[in-house]
Amino acid sequence: MTQIVYLIILLFCLRLMCPLTTGIFMEKLTSKKLCADDDCVYNISLARAEEDYNASDCRFINIKKGQLIYVYSKLMNGKDSGEFWSANIRVDSYHMGAVGYFPSILVAEQHVYQEANKTVPTRNL
């Protein structure tokens, strides 16, 4: 019985000392985004990375100069839209890579497939 009590005390102490066991809460990026449809599943545009970017946290993706990026949504900050975009990176002709956000200033849109004219609320971004 005392071993169980010691184990519970040890787990409690570890939880207090280690933020990874309790979770890390990040500030929400925005409350709205622009998409081509209500579910943000259709591509808005194709962009090409003009410089490298290393992701700052798990919501963002790494991009390398020259990569093709399929854009799905553009986050809205107040009246401005598009500081961060949501995208999927094209790895090669047959494979798509990670999905996440990146700063829009790092890419140049190559082709616009459809206008992002639907304002959609974000979920825990």
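Overview of values
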read-out	value
Neighbourhood charge, 9 Å Cβ-Cβ cut-off, centred on THR122 and excluding it, Lys, Arg +1 and Asp, Glu -1	+4
Solvent exposure ordering (accessible area, 1.4 Å, most first) of PHE60, PHE102, PHE84	PHE84, PHE60, PHE102
Out-of-range pairs (alpha-carbon distance over 19 Å; input LYS65/LYS118; LYS64/LYS118; LYS74/LYS118)	LYS65/LYS118; LYS64/LYS118
Local electrostatic count, VAL107, Cβ distance below 13 Å [Lys/Arg +1, Asp/Glu -1]	0
Extension gain from THR2 to ARG123, taking 0.36 nm per residue of separation minus the Cα-Cα distance	39.1 nm
Rounded to the nearest 10 Å², the accessible area of ASP52 at probe 1.4 Å	90
Segment 25-121 - percent of accessible surface contributed by carbon and sulfur, probe 1.4 Å	49
ARG123, ARG90, ARG48, reordered so the largest accessible area comes first (probe 1.4 Å)	ARG123, ARG48, ARG90
Cα point-scatterer Debye curve for segment 25-121, base-10 log of I(q)/I(0) at q = 0.12, 0.16, 0.23, 0.24 Å⁻¹	-0.34, -0.62, -1.27, -1.36
Surrounding net charge for LYS65, when Lys and Arg each add one and Asp and Glu each subtract one, Cβ distance under 13 Å	-1
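The values are calculated or read from the model by the stated rules, or taken from the named source; none is laboratory data. Nothing here was measured: the structure is a model prediction, and the numbers come from that model. Cβ sites come from the backbone with ideal geometry, for glycine too, and all protein chains shown count toward neighbours. In case anyone asks, the SASA skips ligands and DNA or RNA and just uses the protein heavy atoms, side chains included. Shrake-Rupley method; radii C 1.70, N 1.55, O 1.52, S 1.80 Å.
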